[in-house]
Amino acid sequence: MNTKELIAAEKQTILGTYTRPEFVITHGKDVYLYDAEGREYLDFVSGIAVNAFGYSDSEAKNTLTEQSEKLWHCSNLYYTEPQVKLAQFLVNHTFADKLFFCNSGTEAMEAAIKFARKWASMTKGPDNHQILAFNRSFHGRTFGGLSATGQPKFWEHFGPMLEGFDFAEFNDIESVKNKITDKTCAVIVEPVQGEGGIYPANVEFLQQLKTLCDEHNTLLILDEIQCGFGRTGHFCAYENYGIQPDILTAAKPIAGGLPLGAVLLTDKIAEHIKPGDHGTTFGGGPIVTSVALNILERIAEPAFLESVRDKGSYLQERLTALQAEYPELIAVRSKGLMFGLEIQGSPQDLIKACTEQGLLICKTGGNAVRFLPPLIITQEQIDDGLNKFKLALDSLRG
Ligand code: PLP
């Protein structure tokens, strides 16, 4: 099928939940993607914060091949070593005492909400099921994740949402004080709001939030699905804030592009979760967990994380400098290699203009675009991306 035929067949057969640009990606190498017409794109999207090691990561491929020769899928009815090794690694490198593996971010949120509600039901009583989340947040597309998502546009026509969810203002501790009660079972927050527009939490805000949760005997759930595992220049994003959560949800980069989600939690919650309370057919299978261990071992290397912080500072400096030249860049928000650029004009037009220059970027909330380059990107590739970005901005000026 050529590009035209494939796009026509897609429109005929695939449910229209995405508006895709008019090219077909055929392969990737390093931090570049290639389309069926042979065009090369520098990738500042990384599969939406997934492909930390780009597109030709031989270590992950070798791990996958080796594991696939040993054991493919065999269900969670049995013990398997890759899952346990990954859990041990995460317990050793984070606040967590226990892990639950699933397949995606939204499934991790579902599980986290269930575990928090069970903990509250067992320790505070069954009517203590209230969840407090934040306006502008995003936590997934299933009913738990969606009910916790503080953007009503995602609820439209799908109501009613689950009962017991309320929303406070992000980075506004007074707003949380007005909403939190002893009946609140958990507060859910992204350390960096991703889909909402790349808004990093203030250090003071997250620290005060943790204290408030402790005062009300409420669990703090951090959604690090987009901002976790190296993206902010620390293994976990909470390390930027000097706090620890009770529960953390993770997914996107964890297995380098294979579907895996995880809920990290402490023993105080884990002790209330019993066989049969939750489960999954595919979650934490041997192939994805062996790849995830390989990926996370490399992300956790201090020198690797330092390089992410350095490249993030460099890109932030360059973008700030660019604002003087291009006042249509209204604001640049970032943490590590996670960037939100508030712009004057249409994000869609800017994304299209970047594509024409051979640079892939994506949209985020508000009037903003996102840069989420692979974590292995080099300074030269960042420079190349910025040159392409400038050409795109120029082309929009006409
Ligand atoms: N939470 C956050 C912060 C996300 O960014 C996303 C996805 O973008 C999700 C949850 C849902 O993850 P998934 O798409 O893997 O279900």
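One table, with the values for the structure above:
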{"item": "Number of positions in segment 248-273 that are among the β-branched types (Val, Ile, Thr) and either part of a strand (DSSP E or B) or within 12 Å of the ligand (Cβ to nearest atom) (or both)", "result": "3"}
{"item": "Unmet criterion (only one of (1) at positive phi; (2) of a type in the set (Gly, Ala, Ser); (3) out of contact with any Ser or Thr (no Cβ under 7 Å at 6 or more places or on another chain)) for SER121", "result": "(1)"}
{"item": "Residues (open to solvent by 20 Å² or more (accessible area, probe 1.4 Å) and either of a type in the set (Ser, Thr, Tyr) or under 19 Å from THR218 (Cβ atoms) (or both)) located in segment 119-158", "result": "SER121, MET122, THR123, LYS124, PRO126, ASP127, HIS129, GLN130, ASN135, THR142"}
{"item": "Selected residue [modelled with pLDDT under 95 and either outside any helix (DSSP H, G or I) or of a type in the set (S, T, N, Q) (or both)] from GLY284, GLY279, GLY366", "result": "GLY366"}
{"item": "Test for LEU375: is it part of a helix (DSSP H, G or I), open to solvent by less than 60 Å² (accessible area, probe 1.4 Å) and at pLDDT 95 or above", "result": "no"}
{"item": "Selected residue [within 25 Å of VAL84 (Cβ to Cβ), over 20 Å from the mean Cα position of the chain (by Cα) and open to solvent by less than 20 Å² (accessible area, probe 1.4 Å)] from ILE299, ILE287, ILE269", "result": "ILE269"}
{"item": "Test for THR106: is it open to solvent by 20 Å² or more (accessible area, probe 1.4 Å), closer than 30 Å to ALA255 by Cα and polar (S, T, N, Q)", "result": "yes"}
{"item": "Flag if ILE243 is at pLDDT 95 or above, within 22 Å of GLY105 (Cβ to Cβ) and not in a loop (DSSP other than H, G, I, E, B)", "result": "no"}
{"item": "Subset of segment 274-284 that is more than 14 Å from the ligand (Cβ to nearest atom), of a type outside the set (D, E, K, R) and touching a residue at least 12 places away in the same chain (Cβ under 8 Å) - its residue that is surrounded by the fewest Cβ atoms within 10 Å (Cβ to Cβ)", "result": "THR281"}
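The values are calculated or read from the model by the stated rules, or taken from the named source; none is laboratory data. Computed from a prediction, not measured in an experiment: that's the story for all the values here. Every residue, glycine among them, receives a Cβ derived from its backbone with ideal geometry; neighbour counts consider all protein chains shown. Please note that ligands, DNA and RNA were not included when accessible areas were found on the heavy atoms of the full protein model with its side chains. Shrake-Rupley method; radii C 1.70, N 1.55, O 1.52, S 1.80 Å.
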